[in-house]
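Take a look at the structure below.
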Amino acid sequence: MRIDRFLHCIRLVKSRTLAQSVIETGYVRIDGKRVERSAEEVRVGNTIALPLHGTVRVLRVLALPNRRGPANEARACYEELGIDGGDGAS
């Protein structure tokens, strides 16, 4: 599944266009590698790090969603590994 679609389906961003904007900043990583294209593939088991709303969120992909469903369905697709507020403390 494309990274932009994944971020949209798990409800971290409101639209795929917004997801593409976040990716174009160059700070999104999949398994430590910089994501350069919105079409980059996400697979179960990948670790995604991305800046969002002033923090860096780190997620592990548990499942690939079929659709943009309700929030509880979306949360079942990833595990939050950490949030860094940018002040050095996790």
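The values are calculated or read from the model by the stated rules, or taken from the named source; none is laboratory data. Worth saying up front: this structure is predicted, and the values here are computed from it rather than measured. Reconstructed Cβ throughout: ideal geometry from the backbone, glycine too, with neighbour counts over all protein chains shown. To get the accessible areas, we keep the full protein, side chains included, count just its heavy atoms, and leave off ligands, DNA and RNA. Shrake-Rupley method; radii C 1.70, N 1.55, O 1.52, S 1.80 Å.
The phi-based Karplus calculation (6.51 cos²θ - 1.76 cosθ + 1.60; θ = phi - 60°) puts the 3J(HN,Hα) values of the range 51-62 at x, 8, 6, x, 10, 9, 9, 10, 10, 10, 7, 9 Hz, whole numbers, x for Gly and Pro. Only the Cβ atoms of Lys and Arg (+1) and of Asp and Glu (-1) were treated as charged; on that basis the dipole of the chain about its Cα centre amounts to roughly 360 debye.
Computed over the chain, the per-residue total of -39500 (n - 2.57) for DSSP H runs of n ≥ 4 gives a 222 nm mean residue ellipticity of -6000 deg cm²/dmol, rounded to 500. For ILE83, ILE3, the ranking by accessible surface with the largest value first comes to ILE83, ILE3, using a 1.4 Å probe.
Of the options VAL35, THR17, LEU81, report the single residue whose Cα projects farthest towards the positive end of the charge dipole of the chain (beta-carbon charges: Lys, Arg +1; Asp, Glu -1). Ranked along the dipole, the leading option is THR17.
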